[in-house]
1. Considering L45, L51, L62, which residue is among the aliphatic types (A, V, I, L, M) and open to solvent by 30 Å² or more (accessible area, probe 1.4 Å)?
2. Of the conditions (1) open to solvent by 10 Å² or more (accessible area, probe 1.4 Å); (2) small (G, A, S); (3) modelled with pLDDT of 95 or more; (4) farther than 16 Å from E48 by Cα, A130 clears all except one; give me its number.
3. Which residue out of L62, L155 is part of a helix (DSSP H, G or I), under 24 Å from L203 (Cβ atoms) and under 16 Å from the mean Cα position of the chain (by Cα)?
4. Read through the list (1) part of a strand (DSSP E or B); (2) buried (at least 16 other Cβ atoms within 10 Å of the Cβ); (3) among the aliphatic types (A, V, I, L, M), then give the number of the only condition that M200 fails.
5. Given the criterion touching a Leu at 6+ places or on another chain (Cβ under 7 Å), more than 26 Å from V176 (Cα to Cα) and open to solvent by 60 Å² or more (accessible area, probe 1.4 Å), identify the matching residue among T74, T26.
6. So which residues in region 83-117 are within 21 Å of T35 (Cβ to Cβ) and open to solvent by less than 20 Å² (accessible area, probe 1.4 Å)?
7. Could you check region 172-181 and list, in sequence order, the residues that are farther than 14 Å from L147 by Cα and either open to solvent by less than 30 Å² (accessible area, probe 1.4 Å) or acidic (D, E) (or both)?
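The values are calculated or read from the model by the stated rules, or taken from the named source; none is laboratory data. From a predicted model like this one, the values you see are computed outputs, not experimental measurements. No Cβ is skipped: glycine too gets one built from the backbone with ideal geometry, and neighbour counts run over all protein chains shown. All accessible areas refer to the heavy atoms of the entire protein, side chains included, with ligands and DNA or RNA removed. Shrake-Rupley method; radii C 1.70, N 1.55, O 1.52, S 1.80 Å.
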Amino acid sequence: MDDSRKKMRDIHDEVPPDYYDTSMATNPFQRFWHTQRVKVISEMLRGESGLMLDIGCAGGTLLGLIRKKAGLKTTIGIDASFEAIKYAKAHHKGPRFLCADFYELPFKDSTFGCVSAIEVLEHLMDPALALKELNRCLKKGGSLVILVPNERNLLFRMIWYFWTLGKGKVWKDAHVQQFTRESMGKLLSSEGFKVTETRMFILGMLMAMKGGKER
């Protein structure tokens with residue numbers, strides 16, 4: 001593993017495995033934030049069939065909720081953190097959880113009917129490589145759903161700055177990519193996906209895109 005990828009793994013290993021369960025239970029702002037993420041992604045995935053893969057599932061909290069709300073029967077969540085996966089297996093029944101590298105997924109070509117990356121790509125040194133892997137694992141005609149912050153949004157930049165100075169300091173320096181609607185659309189297109197739906201929500205601070213595999 002090169003130094004840049006190891007550095008990112010070290011940053012995210014500092015995030016407690018129960019981070020999302022705890023924050024949604026104790027912090028009204030975070031509960032609203034994460035509930036809105038689950039709502040939008042579930043709506044975009046509803047009706048998808050076949051096996052579903054989510055990369056960067058952390059402790060499994062959001063994937064467990066999305067699976068139920070979207071009516072997905074079979075889901076697999078992966079994360080690079082062993083402790084996160086250990087927690088997910090113990091606390092979130094339903095999805096299958098695996099520890100794996102996002103750049104080298106342990107699946108055969110054309111395994112999944114749909115794949116997702118929920119606030120993951122902004123943390124990766126090479127998001128294009130991760131998208132190549134997702135494309136490889138996705139069946140022809142399958143769907144990709146991604147969620148990233150809208151870095152052009154002034155309100156998001158302000159909240160993120162103050163958040164990472166206080167309770168959210170564990171996330172300081174964790175965003176190594178900055179996406180806009182235009183740049184994300186261009187990236188997805190370059191990796192073989194045709195954007196079919198875009199949702200801007202929470203006052204435009206978050207951006208979700210759905211794309212179909214073209215090649």
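1. Of L45, L51, L62, the one residue that is among the aliphatic types (A, V, I, L, M) and open to solvent by 30 Å² or more (accessible area, probe 1.4 Å) is L51.
2. Checking A130 against (1) open to solvent by 10 Å² or more (accessible area, probe 1.4 Å); (2) small (G, A, S); (3) modelled with pLDDT of 95 or more; (4) farther than 16 Å from E48 by Cα, the one that fails is (1).
3. L62
4. Just one mismatch for M200, condition (2).
5. T74
6. Answer for region 83-117, where residues must be within 21 Å of T35 (Cβ to Cβ) and open to solvent by less than 20 Å² (accessible area, probe 1.4 Å): A84, A88, P95, S116, A117.
7. Passing the criteria: D173, A174.
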